[in-house]
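A quick write-up on the structure given underneath.
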Amino acid sequence: MSRSFRISMLAGLAALVTTLAHAETVGEVGVDWLGNDIIVDAVSDPKVKGVTCHVTYFDRGVIDRLKNGNWFEDPSNNSIACRQTGPIEIGDIELSKEGEEVFRSGLSLIWKDLLVTRIYDRKNDTLIYLAHSRELTDGSAKMSITTIPLYGQTVNWQEGKPAP
C-alpha cells in the first residue's frame with residue numbers, strides 16, 4: 001500500500017469522525033438487580049442545527065454478562081425520538097435515498113454498532129431519523145424511526161433548498 005494512499009485513507013477517516021455527532025448521556029435507568037440499565041443519550045445532528053435526537057439503548061451489567069455469557073455484546077434494542085429544539089439550519093446534507101450516517105456507537109467490542117441515519121424525504125419536506133443496529137456478520141431487523149416535518153417551518157438551507 002503506497003504512502004499517499006494510506007494518507008488519503010487516514011484523511012478520509014478523520015473527516016468521517018469529525019462529521020459524526022457525539023452523544024451526551026442524559027439518563028440512566030436501572031431495570032433489574034443484575035445491573036442492566038437503559039441509557040438515554042442526547043445527540044445533536046452536526047449538519048442540522050436545531051434538531052436533537054434522544055436515543056435509548058440497553059446496557060448489560062457485569063452480573064448479567066457473567067450469568068448469560070456473550071460478554072462483549074449488548075442487545076440490539078434501541079429507540080429514537082427527534083424534535084426541533086431551536087431554529088433549524090440545514091448544512092450540506094446527503095440527499096440520496098440511502099441517507100447519511102449521523103451517529104454511531106459500539107454495542108459490542110468490534111462486531112455491532114448502533115447507528116442513526118438521516119434521510120431527507122423531498123416530496124414531504126421531512127427529515128427522517130432511523131436508529132438501527134449493524135453487525136459485521138448479520139443485519140438486524142430491530143429499528144426505530146422518527147421524523148421532523150419541515151413543512152410550514154422557517155428553515156435556513158445553507159446550500160439552498162433542494163427541488164422536490
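Against the conditions (1) out of contact with any Gly (no Cβ under 9 Å at 6 or more places or on another chain); (2) open to solvent by less than 40 Å² (accessible area, probe 1.4 Å); (3) at pLDDT 60 or above; (4) assigned to a loop (DSSP other than H, G, I, E, B), residue 34 satisfies every one except (1). The single condition among (1) in a loop (DSSP other than H, G, I, E, B); (2) open to solvent by 50 Å² or more (accessible area, probe 1.4 Å); (3) at pLDDT below 80; (4) out of contact with any Lys or Arg (no Cβ under 6 Å at 6 or more places or on another chain) that residue 21 does not satisfy is (2).
Check whether at least one residue in region 97-110 is modelled with pLDDT of 90 or more, charged (D, E, K, R) and assigned to a strand (DSSP E or B), and report yes or no. Steps first, please.
Filtering region 97-110 down to residues modelled with pLDDT of 90 or more leaves 97-102.
Then drop every residue that is not charged (D, E, K, R), which leaves 97-98, 100-101.
Restricting the remaining residues to those that are assigned to a strand (DSSP E or B) gives 100-101.
Among the residues of region 97-110, at least one is modelled with pLDDT of 90 or more, charged (D, E, K, R) and assigned to a strand (DSSP E or B), which makes the answer yes.
Against the definition (open to solvent by less than 80 Å² (accessible area, probe 1.4 Å), out of contact with any helix residue (DSSP H, G or I) (no Cβ under 9 Å at 6 or more places or on another chain), at pLDDT below 90 and assigned to a strand (DSSP E or B)), how does residue 56 come out, yes or no? Yes; evaluated as a whole, the condition is true for this residue. Can residue 64 be described as over 14 Å from the mean Cα position of the chain (by Cα), over 27 Å from residue 128 (Cβ atoms), modelled with pLDDT under 75 and open to solvent by less than 80 Å² (accessible area, probe 1.4 Å)? In short, yes.
Just to be sure, is residue 11 at pLDDT below 85, of a type in the set (Gly, Ala, Ser) and within 20 Å of the chain's Cα centre (by Cα)? Quick ask: steps written out before the conclusion?
Values: at pLDDT below 85: yes; of a type in the set (Gly, Ala, Ser): yes; within 20 Å of the chain's Cα centre (by Cα): no.
Spelling it out, it is not the case that residue 11 is at pLDDT below 85, of a type in the set (Gly, Ala, Ser) and within 20 Å of the chain's Cα centre (by Cα).
Counting the residues of region 123-157 that are surrounded by fewer than 12 Cβ atoms within 10 Å (Cβ to Cβ) and modelled with pLDDT of 85 or more gives 4.
Looking at region 78-96, which of the residues that are open to solvent by less than 40 Å² (accessible area, probe 1.4 Å) and polar (S, T, N, Q) is modelled with the lowest pLDDT? The qualifying residue modelled with the lowest pLDDT is 78.
The values are calculated or read from the model by the stated rules, or taken from the named source; none is laboratory data. Here the structure is a predicted model, which means the values were calculated and not measured. A quick note on method: Cβ atoms are made from the backbone with ideal geometry, for glycine too, and the neighbour counts reach across all protein chains shown. Only protein heavy atoms, including side chains, enter the accessible area calculation; ligands, DNA and RNA are left aside. Shrake-Rupley method; radii C 1.70, N 1.55, O 1.52, S 1.80 Å.
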